[in-house]
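The values are calculated or read from the model by the stated rules, or taken from the named source; none is laboratory data. Predicted model, so just to flag it, every value in this text is computed and none were measured. As a convention, Cβ positions derive from the backbone with ideal geometry for all residues, glycine included, and neighbour counts pool all protein chains shown.
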Amino acid sequence: MTDTLRSTTRPSTHMHALVGRVLEASQDPRYVARKEMWTRHNRLDKTSKTPVYVCLKRGSGTNANPVTWSELIPFEQRLSKDRLEREIELQLRQKLYKHDNIPDDEVMSTTVWVGAVRAAADGEAKDVASGRIGSSFDVDHVDGAASGPLWGLPFVETRIGGPGGAYAVQPAVVEDSDLDRLHWPPFQIDEAATRELCERAEEIVGGRLPVKVATDAVGYSPTETMISLMGMEAMLFGVIDRPEFMHRIMDFVTEGTVQYQLARQAAGGVDYEQSWNYRVPYEDLPADADPHRLSSCWPLVAAQSMCGISPTLYEEFVQPYHARLTQHLGQDRVYYHGCEDLTEKIPSILKLPNLRRLHISPWTDLERAAELVGRDFVMEVVPHPETIYSQTPAEMRAWLERAMDIAGDLVIDLVLGEIETVMGKPGVLSTWAQIAQEVAEERA
């Protein structure tokens, strides 16, 4: 496929049509009620029913469910040749696919996202820093590998199997002295190049859709940064054999994360809509809230790479650093994500400042979680991956009914997530969403 860097000054015919369809779809009355529902729900207020959400990450990057989207929107349906136009075309088609095919409670946003062009850090080659011009990226996720140079040392991974395959970290931090080679990540944006990128994006959509810049290159999960620097094996041994070293690196990456996010805010780089990521479909901010402050954002905090440590070790090596971080973040808007079994760690997690949402994976004991969480937080209840690979509609319904029965009058949403493939059967997403809506209505 021909790969150009420049778009024409007039949107192509297929892009003009896609923009029109998105504008028309976004006016559907269903979204008015959904906006109110999600806003009330995440404030712990009663809603007419339990929200249902099929979570498909957006964009074209390695973390954005590339296999799944290739099944839902085959490559032969994507018509653009220009790199940036291809990215925007995919975002628009992703919006329309959800609107047309999946009866969940997502709210369609008309916003088109482009990745900020990062200015070169000291000693960094310019071509590395400018590599995001027109290239693919994850709308909802930080690209961990790309953020490595910001810390002074690269995040090096050995990957096999292509998109969705396995990988292993090649440690950059091994000895104590390696920590001295790190530095806090600077918030550096190439303003001119980013402005050029936005202008090109606006040309592509004909000035008819809002274009925003995704600026967060670090995220809010210091343990995952630590793992990217030293590797899983070294961490597992380190919490036993090198506790002082582990506290030193966790202190460093946590403070670096805090300072980066505060600098991003000071530079005007924060936009609360970007922070909705792929778990908060919408929020109407209070009239006195500033959408460009961290306090208005929904930071996703996770420590999934620490799933192998005990609750006691979690309390020592993770919880204090998460608490330090979240005190600076979204006012009652922190979302804790964890695909692992969090059952015995929930008592610690619930102490986080500003916590509001908690991911309850199929490996976490839902009954125990319900007892611990009560109505003080939102539980995001997620079924087992087998749901879309092997369950019959009757089995899907049985699981959903059981989850609703356990939750009772607690504040939950039903979320189908971590969808790495639909095994060539895209209709399964629609089936699950429809059944979940029926169960939610029956239990309303």
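General observations
- Residue within the range 269-282 that is among the small types (Gly, Ala, Ser) and within 19 Å of residue 111 (Cβ to Cβ) present: yes
- Scan of the range 360-374 for residues that are over 16 Å from residue 411 (Cβ atoms) and not in a helix (DSSP H, G or I), ordered by number: 361, 362, 363, 364, 365
- Enumeration of residues in the range 282-309 that are surrounded by 16 or more Cβ atoms within 10 Å (Cβ to Cβ), small (Gly, Ala, Ser) and free of Cβ contacts under 8 Å to residues at least 60 places away in the same chain: 295, 296
- The set of residues from the range 241-272 being touching a residue at least 60 places away in the same chain (Cβ under 8 Å), closer than 12 Å to residue 216 by Cβ and of a type outside the set (A, V, I, L, M, F, W, C) comprises 257, 260, 261, 264, 269.
- Hits in the range 328-345 (condition: under 21 Å from the mean Cα position of the chain (by Cα) and either part of a helix (DSSP H, G or I) or farther than 24 Å from residue 256 by Cβ (or both)): 332, 339, 340, 341, 342
- Taking the range 341-358 as the range and being within 17 Å of residue 279 (Cα to Cα) and free of Cβ contacts under 8 Å to residues at least 40 places away in the same chain as the test, the residues that pass are 354, 355, 358.
- Pairs, first touching a residue at least 12 places away in the same chain (Cβ under 8 Å) and β-branched (Val, Ile, Thr) in the range 175-203, second exposed (fewer than 14 other Cβ atoms within 10 Å of the Cβ) and in a loop (DSSP other than H, G, I, E, B), C-beta under 8 Å, six or more apart: 189/267
- Checked against (1) farther than 30 Å from residue 34 by Cα; (2) among the charged types (D, E, K, R); (3) out of contact with any Ser or Thr (no Cβ under 7 Å at 6 or more places or on another chain); (4) touching a residue at least 60 places away in the same chain (Cβ under 8 Å), residue 279 passes all but condition (1).
- Single match in 379, 404 (criterion: within 26 Å of residue 282 (Cβ to Cβ), in contact (Cβ under 8 Å) with a residue 60 or more places away in the chain and aliphatic (A, V, I, L, M)): 404
- Only listed residue being acidic (Asp, Glu), buried (at least 16 other Cβ atoms within 10 Å of the Cβ) and at pLDDT 95 or above, chosen from 380, 371: 380
- Residues that are among the aromatic types (Phe, Trp, Tyr) and either in a helix (DSSP H, G or I) or touching a Gly at 6+ places or on another chain (Cβ under 7 Å) (or both), drawn from the range 281-327: 298, 314, 317, 321
- Residues (aliphatic (A, V, I, L, M), under 27 Å from residue 438 (Cα atoms) and touching a Pro at 6+ places or on another chain (Cβ under 9 Å)) located in the range 67-101: 72
- Of the criteria (1) part of a loop (DSSP other than H, G, I, E, B); (2) of a type in the set (Phe, Trp, Tyr); (3) at pLDDT 95 or above, which one residue 278 fails: (3)
- The single residue among 104, 45, 100 that is among the acidic types (Asp, Glu), at pLDDT 95 or above and part of a helix (DSSP H, G or I) turns out to be 100.
- Flag if residue 312 is among the β-branched types (Val, Ile, Thr) and surrounded by fewer than 16 Cβ atoms within 10 Å (Cβ to Cβ): yes
- On the stretch given as the range 407-421, residues that are outside any strand (DSSP E or B) and either crowded, with 19+ Cβ neighbours inside 10 Å or touching a strand residue (DSSP E or B) at 6+ places or on another chain (Cβ under 9 Å) (or both) total 5.
- Residue check, residue 221 polar (S, T, N, Q), within 22 Å of residue 276 (Cβ to Cβ) and buried (at least 21 other Cβ atoms within 10 Å of the Cβ): yes
- Residue under evaluation residue 207, criteria (1) surrounded by 14 or more Cβ atoms within 10 Å (Cβ to Cβ); (2) part of a loop (DSSP other than H, G, I, E, B); (3) more than 23 Å from the chain's Cα centre (by Cα); (4) not aromatic (Phe, Trp, Tyr), criterion not met: (1)
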